[in-house]
1. Hey, can you tell me all the residues within the range 274-284 that are under 23 Å from the mean Cα position of the chain (by Cα) and in contact (Cβ under 8 Å) with a residue 40 or more places away in the chain?
2. Pull up the range 79-88, narrow it to residues that are acidic (D, E) and more than 8 Å from the ligand (Cβ to nearest atom), then point me to the one that is modelled with the lowest pLDDT.
3. Just name the residue that is farthest from the ligand (Cβ to nearest atom) out of those in the range 27-78 that are of a type in the set (D, E, K, R) and open to solvent by 60 Å² or more (accessible area, probe 1.4 Å).
4. As an exercise: evaluate E268 against (1) without any contact (Cβ under 8 Å) to a residue 24 or more places away in the chain; (2) of a type in the set (D, E, K, R); (3) not in a helix (DSSP H, G or I) and give the number of the one condition it does not meet.
5. Just to be sure I understand the filter: pairs with C-beta atoms under 9 Å, separated by 6 or more residues or on different chains, first member in the range 178-193 and assigned to a loop (DSSP other than H, G, I, E, B), second member open to solvent by less than 70 Å² (accessible area, probe 1.4 Å). Which pairs pass?
6. Among the listed residues A493, A450, A484, identify the single one that is touching an Asp or Glu at 6+ places or on another chain (Cβ under 9 Å) and under 20 Å from A608 (Cβ atoms).
7. Restricting attention to the range 558-578, which residues are out of contact with any Phe, Trp or Tyr (no Cβ under 7 Å at 6 or more places or on another chain) and touching a residue at least 24 places away in the same chain (Cβ under 8 Å)?
8. Go through the range 163-176 and report how many residues are open to solvent by 60 Å² or more (accessible area, probe 1.4 Å) and away from the ligand (no atom under 14 Å from the Cβ).
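The values are calculated or read from the model by the stated rules, or taken from the named source; none is laboratory data. Because the structure is predicted, anything quoted here is derived from the model rather than measured. Reconstructed Cβ throughout: ideal geometry from the backbone, glycine too, with neighbour counts over all protein chains shown. Note: areas computed on protein heavy atoms with side chains; ligands, DNA, RNA excluded. Shrake-Rupley method; radii C 1.70, N 1.55, O 1.52, S 1.80 Å.
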Amino acid sequence: MAKKQFKAESKRLLDLMINSIYTHQEIFLREIISNASDAIDKLAYLSLTDQNVGLDRGDFAIRITADEKNRMLTVSDNGIGMDRAEMEENLGTIAKSGSLQFKKDMEEQKEDIDIIGQFGVGFYSAFMVAEAVTVISRKYGADEAWMWQSSGAEGYTMTACEKDCAGTDIIMKLKADTDDEQYSRFLQEYELRRLVKKYSDYIRYPIQMDVTKQRVTEESKDSEKPEYESYTENETLNSMVPLWQRNKKDVTAEAYSQFYKDKFFDFEDPIAHLHLSVEGAVTYKALLYVPARAPYDFYTKEFKKGLQLYSSGVMIMENCEDLLPEHFRFVRGVVDSQDLSLNISRELLQHDRQLKFIAGNLEKKIKAELAKLMKDDREKYERFFGAFGRNLKYGIVADYGAHKELLQDLMLFWSSRENKLVSLKEYTEAMGEEQKYIYFAVGESRERLAQLPQLELLREKGCDVLFFTEDVDEFIPQTLQKYAEKEFRNIAADDLGLTSDEEKKAIEEKQEAAKPTLDFIKETLGDKVKEVRLSAALKSHPVCLAPEAGMSFEMEKYFQRMSPEMGVKAGRILELNAAHPVFAALQLAVAQDKEKAEKYVRILYAQALLMADLPLENPTEYTDLICGMMQ
Ligand code: ADP
């Protein structure tokens, strides 16, 4: 019979599987069993509303048969099955494009990562241990069964066949043993039992196998020297109780981690887990995890948040989005509740009152868990914040600040004084009595911000300044308005409230005296600046640039990046340090040599732009001016 070809990408992946360098070949069994369990889930779900299925929960099972003589390992299920088209589609194609590339990249990096299954290539893992795979399947409700056969990358055949009930048999002809690999171990009772326990213990349907046991023979029962005989017995290998249904005290930390890694295809342990058993208005159990790092697509539209939803042990939704708010979209896990109406349609479920209740509850619990982590294990929390902090910040500014109360104490920002991350609570608690505001500076990097001229005065006064280096940071003060009754002040833009009335008066007087110089500067620079004034904040630097109230330079840069066509620009205010020798030199030049004074002004303005990390309008002119001075 003519062989059908695999789709090109599938063929390559299959090749990779067959010649796999993957050291955990044993996981093929987990993949095959988990497919069987999914297939049963589907039929079990159907049986809740369709009397014709004729199977009860107790009738579903997965069977493993090992035929040592013929090197055949079979995994059978009585699930939903596949029809001809589905077999061709599901077993002949890779579900998601991109998986092949990912696998190749990983192999090039020689990283032994559990990506198998991550992209829906689980079934192909059978080819790591089998030289030929036969799939016999009959779809529930269909009269005919089909057989799919393949010995690898050359292709597969489809043949009509007989099968008396709905379900699927996956028959694997194991590869010949080599010096390095004993594939025949996958036929041994002990090994199969171990693998089921290790990877598939929580599968909710019995995984059964005929096991050989010893017993005293009937004849020798009463004799002094009993004789033994072997017999086989059908045994269920898995405990079937899902982890979340167990008692917390019976579950080890390792089991929690392993479950997470298997179920959510992560290769790293989670940072935290949360096992809840709630009784009351709505009764439910939940097992939630905070991953250690953001998935590669986390900050894109492709990422799908959600928790798996079960009702009394039957999965009713793979990804229930409504259970998680956007700000906690990084959480993975399962929720199982007997109170959810099962035969409600999936769309309706989204408006279910119980579901809303659970979602509200989970949000509070997740928040509490994160707050606890921050308190008890700061290092871990900072790792978490490194991965998902940006998402929490988006959460604060989203929905007009509706979630700010919930999230504000989970924030961390870099403290210029402490040289580490601090929370707003820590910042305000460490504030001196006389400090009125929470100070922050916005820029591209901590290193740049540490050099801001405006920082000097605050340092001198012993005030801490928070460094905002992410796009979203600057929107946080706008959303929060206040924290612990303290307003926020941008050190580059706002009145810092540090000058006493006397100092203010003194500046005003100086301002008056310096008027001719300041006017000269304004005239020279024209529309480039909105205002020229003396500064109260400058110490060792002669000039700085402050934005006009309303928009900071960082905001300007942000909008320039996002939508340059808008031409958003913050008004520039040039501030000068009257106590600096350069100012005296400038004053002198204004009085004696206007041409020179004009050059000074242009240089100072360019320097102010540079320090504010803004582009120079004419860099060549600036260098020429400096060179002119040096000659
Ligand atoms: P995934 O399970 O991640 O989607 P697989 O390659 O493991 O990817 O399987 C591909 C598809 O083949 C499954 O999604 C399912 O539709 C179908 N399939 C695999 N095994 C079975 C089975 N035992 N019964 C029914 N369908 C199955």
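1. Answer for the range 274-284, where residues must be under 23 Å from the mean Cα position of the chain (by Cα) and in contact (Cβ under 8 Å) with a residue 40 or more places away in the chain: L274, L276.
2. It comes out as E88.
3. K69
4. Every condition holds for E268 apart from (1).
5. Close Cβ pairs satisfying both conditions: E181/Q25; E181/V129; E181/K175; Q188/A66.
6. Going through A493, A450, A484 in turn, just one is touching an Asp or Glu at 6+ places or on another chain (Cβ under 9 Å) and under 20 Å from A608 (Cβ atoms): A493.
7. Y558, G571, R572, I573, E575, A578
8. Counting residues in the range 163-176 that are open to solvent by 60 Å² or more (accessible area, probe 1.4 Å) and away from the ligand (no atom under 14 Å from the Cβ) gives 3.
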